[in-house]
Amino acid sequence: MLKPLPPALTIVPPRRPLIGRVTPPGSKSITNRALLLAALADGTNRLTGALKSKDTVLMAAALRQMGVSVDEPDATTFVVTGTGRLAAPSGPLFLGNAGTATRFLTAAVATVEGAVIVDGDEDMRLRPIAPLVSALRSLGIEAEAPTGCPPVTVHGRGSFGRGRVEIDASLSSQYVSALLMAAPLGDGPIEVALTGKDIGARGYVDLTVAAMTVFGASVEQVDAGTWRIQPTGYRAADFHIEPDASAATYLWGAEVLTGGRIDLGVEAEDFTQPDAAAQAVLAQFPNMPAVIDGSQMQDAVPTLAVVAAFNQTPVRFVGIANLRVKETDRIRAVANELNRILPGLAREEGDDLVVASDPNLAARARPARIETYHDHRIAMSFALAGLLVEGITILDPACTGKTYPDYWEMLAGLGVDLRPA
Ligand SMILES: O=C(O)C1=C[C@@H](OP(=O)(O)O)[C@@H](O)[C@H](O)C1
Ligand SMILES: C=C(OP(=O)(O)O)C(=O)O
């Protein structure tokens, strides 16, 4: 009923608890790992429970460009058939602003014979990839990204090499996941070792290792920062993908803000994705902690910050520096838009975000047109403010299509009145 989505949507506060059953879409992180690993396996793989959204559709399209067959028998299934090798594409791979697809493929295309250009949209072209390019070069793979961001040209030579590769992943754990997933296509064992500061969201590397294992890889964790991978290639597998934990945070947020009960069909502790940890923090609302370390649940920080605006006491978010290199600078975006709702509600302190919090916010806030900066998470998290505050309008609501195309239908299904604005 809401499709096509209007340029802006106003949320009418429901003034009652939201109660219902909602199955979040499949995990973006796991879907894009599974698509790649299936494409690198020799045979047919059935991926069920998958996410179909902009980020995964772009990954699937790029794999098709490299000779992989990707069928879509229904709304949540991909059937992927490959030969164990990616073929050289006839043109650049365009990956929009999908960090997973861009980073994972930058490493994987080194196994192609020939030059491959990995590119994205204007926002992706601002997201750093130089550390991953340097790591590829240290394996003897010619690659360049003149601006330090996409486009990247990788001169694939049919194998991922061998030996030790070091990576500074303080800006993105996706660099580590990218190297790990390409490593079984080496011509000898490969050791991936972290340098620099520890990485945020280690849980994403665990997700990578778990998915690789499903597709037959041998990954040994040598120590906290080193993994050894054998040159086994991948074997085809069927894989069921769990719901998206970052998507679940909006439902948990809606629940605590309205005092409702939304059954996701899965408990927070049953997720393997790092953002599921946000549920325990949200459950403390309206007494959320004074300091929240967002480093291990980064994509949940916009959700937590919007909910924190209604908390009894202020909340400081720490460990979130790399939110500045996500779809947009999320520290700035969240601060700007909270201040649009009530001046002084949030401020940046270095790379911390401090949310002043106001338990009477619903009464004091002003109508606000929320800028979303092409960032699905800014749109989805600020929609939560609209559940309590009169006059919240979300600009470019279609940007949720990156990971949650049915977000607005889901809210409408819970009885929330959404009006084109
Ligand atoms: O590996 C993954 O699936 C992801 C890792 C995180 O990014 P960084 O590793 O860039 O922090 C997260 O923000 C992103 O949405 C998904
Ligand atoms: C940071 C995100 O995505 P990605 O890095 O995969 O583009 C996200 O989904 O919040």
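The values are calculated or read from the model by the stated rules, or taken from the named source; none is laboratory data. Everything quoted here is computed from the prediction, not taken from an experiment. Methodologically, a virtual Cβ is constructed for each residue, glycine included, from the backbone with ideal geometry; neighbour enumeration extends over all protein chains shown. Ligands, DNA and RNA are stripped out before the accessible areas are found, and what is left, the full protein with its side chains, is counted by its heavy atoms. Shrake-Rupley method; radii C 1.70, N 1.55, O 1.52, S 1.80 Å.
Going through 249, 232, 213, 208 one at a time, which residue ends up being among the hydroxyl-bearing types (Ser, Thr, Tyr) and assigned to a loop (DSSP other than H, G, I, E, B)?
232
For residue 390, state whether it is in a strand (DSSP E or B) and surrounded by fewer than 16 Cβ atoms within 10 Å (Cβ to Cβ).
no
Hey, among 324, 332, 377, which residue is within 16 Å of ligand 2 (Cβ to nearest atom), more than 17 Å from residue 306 (Cβ to Cβ) and part of a helix (DSSP H, G or I)?
Testing whether each residue is within 16 Å of ligand 2 (Cβ to nearest atom), more than 17 Å from residue 306 (Cβ to Cβ) and part of a helix (DSSP H, G or I) leaves just 324.
Out of curiosity, is residue 329 at pLDDT 95 or above and either of a type in the set (Lys, Arg) or under 21 Å from the mean Cα position of the chain (by Cα) (or both)?
The answer is yes for residue 329.
May I ask you to list pairs of residues, at least six apart or on different chains, whose Cβ atoms are under 9 Å apart, with the first in the range 86-102 being at positive phi and the second being in a loop (DSSP other than H, G, I, E, B) and crowded, with 20+ Cβ neighbours inside 10 Å?
Pairs found: 96/120.
May I ask you to list the residues in the range 185-210 that are more than 16 Å from the chain's Cα centre (by Cα) and in contact (Cβ under 8 Å) with a residue 60 or more places away in the chain?
Within the range 185-210, 185, 210 meet the criteria.
Is there a residue being within 16 Å of ligand 2 (Cβ to nearest atom), in a helix (DSSP H, G or I) and open to solvent by 10 Å² or more (accessible area, probe 1.4 Å) anywhere in the range 43-57?
Within the range 43-57, one or more residues are within 16 Å of ligand 2 (Cβ to nearest atom), in a helix (DSSP H, G or I) and open to solvent by 10 Å² or more (accessible area, probe 1.4 Å).
One residue is enough: does the range 355-368 have a residue meeting the conditions among the acidic types (Asp, Glu) and either within 16 Å of ligand 1 (Cβ to nearest atom) or at pLDDT 95 or above (or both)?
No, because not a single residue in the range 355-368 is among the acidic types (Asp, Glu) and either within 16 Å of ligand 1 (Cβ to nearest atom) or at pLDDT 95 or above (or both).
Just to be sure, is residue 190 buried (at least 20 other Cβ atoms within 10 Å of the Cβ) and within 16 Å of ligand 1 (Cβ to nearest atom)?
Criteria not met by residue 190.
Restricting attention to the range 147-184, which residues are over 20 Å from residue 224 (Cα atoms) and open to solvent by 10 Å² or more (accessible area, probe 1.4 Å)?
147, 148, 149, 151, 153, 155, 156, 157, 158, 159, 162
Of the conditions (1) more than 15 Å from residue 183 (Cα to Cα); (2) open to solvent by less than 10 Å² (accessible area, probe 1.4 Å), residue 224 satisfies every one except a single condition; which number is it?
Here residue 224 clears every test but (2).
Which residues, taken from the range 393-421, are open to solvent by 10 Å² or more (accessible area, probe 1.4 Å), in a loop (DSSP other than H, G, I, E, B) and farther than 14 Å from residue 254 by Cβ?
Within the range 393-421, 396, 405, 406, 421 qualify.
Check residue 88 against each of (1) surrounded by fewer than 16 Cβ atoms within 10 Å (Cβ to Cβ); (2) in the same structural domain as residue 123 (by TED's automatic domain parsing); (3) farther than 25 Å from residue 155 by Cα and name the one condition it does not meet.
Unmet condition: (3).
Kindly check whether there is at least one residue in the range 190-200 that is more than 25 Å from residue 113 (Cα to Cα) and basic (Lys, Arg).
Yes, some residue in the range 190-200 is more than 25 Å from residue 113 (Cα to Cα) and basic (Lys, Arg).
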